[in-house]
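Below you'll find the structure, written out as structure tokens, and then a few comments.
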Amino acid sequence: MIVGSSRAGHYKLLVVDDEPHVLETIIDVLEDRDEDGEFQFFRATSGEEALSILDERDGDIDLVLTDQRMPGMSGAQLLEKIHEKYPLIGSIVISGFAEFEDMRSAFKSGIFDYIKKPYDEDHLVGVVRSSLEKTELRRQNANLVEELKDANQLLEQRVNERTLELKHSLERLRSMQQQLIQAEKMSSLGQLVAGIAHEINNPATSVYAGAEALESNVDELVSYLERYENLLKAIQDGDDGKVKEIGDDLTNAQEDIDYLLEEGLPWSIRSMKEGAVRIKDIVRNLKTFARVDEAEVKHADINDGIRTTEKLIHHELKNRITVHEEFGDLPPLECYPGQLNQVFMNILVNAAQAIEGEGTIWIKTYTEGNNIVVKIRDTGGGIPQKVLKDIFNPFFTTKPVGQGTGLGLSISYGIIKKHGGEIKVDSEPGVGTEFTIILPLDGVQKARERAKHEGDYARSQYEFFDASRIEELEKELAEIDANPGEPAKSVPEPHEDSH
Ligand SMILES: Nc1ncnc2c1ncn2[C@@H]1O[C@H](COP(=O)(O)OP(=O)(O)OP(=O)(O)O)[C@@H](O)[C@H]1O
Ligand SMILES: [Mg+2]
């Protein structure tokens, strides 16, 4: 507030009039009523002079008070120029009646205040005071706007930083998922490789045993052939003594020779052949199981997939677990066959591992309406009610370190979801567990359409892992994109160990 202020020379007034005595009169009037000496005056006798004073002072003037009618630049023209260059300076024009009519619109727009000639002294001082007050408010306002702009800029910068952080978190989560998928692939691959190594070892042993037996059989055979050669030579030489000796020897060996031809040799050959056939079989199954076409959708027979998988995990089952199959007539299913086989393998291996000692696994497939249903039941230890809800979570495992990663079922869950299907579990501790997989015949197509529709097909590939967190993050990012300038609601702490 200006009234009562004691700041000497605080307000700088530039008074402009081409007639010096009029100029001085105005200043006298104002000075007379400026008890606190707040006014400091500057004088100009033309618009041009006024402008140069302003420029010299770099706009450091609070109010310009000017006569309208002056040679050269008029008062209104001067104030317009000042307004353009120094918009925060207050301005008053003093004009006669005729000019006042001309400038009515300028007054209305509020560019400057005005005083009509002849003026009343009190009126002059009143207008000057109120104009100074307005100027001060305008300046304060401008400062606030600047502060607000700065604050806004800071906020925007923070929002951008947060957005970037969120984006990085999302990236990290994504790359972690990729790593997990890779880890699980490696782990089930490792499991598979160990199994296959075991499986191939048996037939390879039988091929080897056959080859060894064949070698000694052939040695034996060669020695008999040599004796027959010697017999032939003795006959040709007419050496009766030698003929008899070799003849007796061969007669005594007849039983061995018969055994060699009828049993030994055929056994060696059979053993080698069987081993080779079994190895060929394993390799064929492996090829079917692995199906390098994982990325492609194929029409496949689910029963075939289960059979192949079963053969591959034979080493987990044999001599210990009886498998009962009850396969229904199934139409071919549009699916990712390699991935479904991975689901069957996870569930079958889990079942086998849940059975201590001897037990039974039932596999049943059938169609129900538009769905293919696969049920896998075991006589294992069962799953306690309180952990039943956790088994599809990544990393949930009750197996000792090094034996289970706890990813098998979460991966399986993701794969079945990708097929637009469902996977359910039913378990009774001490009795056993049953997994039910429901696969709609048009599931893959529907799941793909849905994912595409939602614009997150890529994400559906990793659906198994903490999808909710990623969804949350994406929502927050979308919100920020939609409302730039609003602070983010929450920012997750980036995981230090997630690189
Ligand atoms: N048939 C089952 N019988 C009893 N418990 C089961 C059965 N299947 C799964 N579980 C329980 O669910 C947990 C999670 O299974 P999941 O296949 O996801 O991981 P895992 O078998 O422990 O490890 P991984 O599959 O990576 O080797 C198991 O540790 C086990 O406690
Ligand atoms: Mg498992």
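Bear in mind that the values in this text are calculations on the coordinates, not laboratory data. Quantities reported herein were computed from a predicted structural model and do not represent experimental measurements. Cβ: placed from backbone, ideal geometry, glycine included. Neighbour counts: every protein chain shown.
Using the beta-carbon distance between residue 304 and residue 201 and R0 = 25 Å, what value does 1/(1 + (r/R0)^6) give for FRET efficiency, to the nearest 0.05?
Working from the Cβ atoms, E equals 0.45.
What is the distance in Å between the Cα centroid of segment 63-88 and that of segment 354-405?
What the calculation gives is 90 Å, centre to centre.
Could you list log10 I(q)/I(0) for segment 314-388 at q = 0.14, 0.16, 0.17 Å⁻¹, which the Debye formula gives when each Cα is one point scatterer?
For the requested q values the scattering log ratios are -0.53, -0.68, -0.76.
Grab the eigenvalues of the alpha-carbon gyration tensor for segment 11-119, scale each by 5, take roots, and send me the semi-axes largest first in whole angstrom.
19, 17, 14
Report relative contact order for segment 11-119 in percent, whole number only (criteria: Cα-Cα under 8 Å, sequence separation at least 6).
With pairs under 8 Å counted, the relative contact order is 25 percent.
For a protection proxy built on the mean count of beta-carbon atoms within 10 angstrom, sort 320-327, 275-282 highest first, please.
In descending order of packing, they fall as 275-282, 320-327.
Which one, 254, 340, 303, projects farthest toward the positive side of the charge dipole computed for segment 237-381 from Cβ point charges (K/R +1, D/E -1)?
340
Putting +1 on Lys and Arg Cβ atoms and -1 on Asp and Glu Cβ atoms, find which of 20, 40, 89 reaches farthest to the positive end of the dipole of segment 11-119.
89
Using the Karplus equation 6.51 cos²θ - 1.76 cosθ + 1.60 (θ = phi - 60°), what ³J(HN,Hα) coupling, rounded to whole Hz, does each residue of segment 65-72 give in order, writing x for Gly and Pro?
10, 9, 6, 7, 8, 9, x, x
Counting pairs of alpha carbon atoms under 8 Å apart in space and at least six apart in sequence, what relative contact order in percent does segment 21-84 give?
So the answer I get is 25 percent.
Whole-Hz ³J(HN,Hα) for each residue in segment 37-44, computed from phi via Karplus 6.51 cos²θ - 1.76 cosθ + 1.60 with θ = phi - 60°, x for glycine and proline: what do you get?
With coefficients 6.51, -1.76 and 1.60, one gets x, 6, 8, 10, 10, 10, 10, 9 Hz.
Give me the percent relative contact order of segment 292-463, please, defined on Cα pairs under 8 angstrom at least 6 residues apart.
21 percent
For the residues 396, 112, what sequence is obtained by ranking on other C-beta atoms within 10 Å, fewest first?
396, 112
Tell me the net charge near residue 272. Cut-off is 13 Å between Cβ atoms, residue 272 excluded, with +1 for each Lys or Arg and -1 for each Asp or Glu.
+1
Considering every pair of different Cα atoms, what Kirkwood radius, in Å, is found for segment 208-285?
The Cα-based Kirkwood calculation yields 14.6 Å.
Can you pick out the pairs among 81/149; 375/399; 280/318; 167/389; 85/134; 280/375 whose Cα atoms lie more than 21 Å from each other?
Result: 81/149; 375/399; 167/389; 280/375 exceed 21 Å.
Sorted from fewest to most neighbouring beta carbons within 10 Å, what does the list 21, 123 look like?
If I rank by nearby Cβ atoms, fewest first, I get 21, 123.
Could you give each residue of segment 432-442 its phi-based ³J(HN,Hα) in whole Hz, using Karplus coefficients 6.51, -1.76, 1.60 with θ = phi - 60°, and x for Gly or Pro?
Karplus values, whole Hz, x for Gly and Pro: x, 9, 10, 9, 10, 10, 10, 10, x, 4, 9.
Return, for the Cα atoms of segment 292-463, the radius of gyration and Dmax in Å, separated by a comma.
15.9, 50
When a footprinting reagent is the concern and you count Cβ atoms within 10 Å, what order do 127, 193, 444 take, fewest first?
Lowest count first: 193, 127, 444.
Let me see the P(r) profile for segment 347-416: every Cα-Cα distance counted, bins of 5 Å, each bin given as a percent of all pairs.
Each 5 Å bin holds this share of Cα pairs: 3, 14, 20, 25, 21, 11, 4, 1, 0.
If the reach is capped at under 14 angstrom between alpha carbons, list the aspartates and glutamates near residue 298, excluding any in the same chain fewer than eight residues apart.
List returned: 334, 442.
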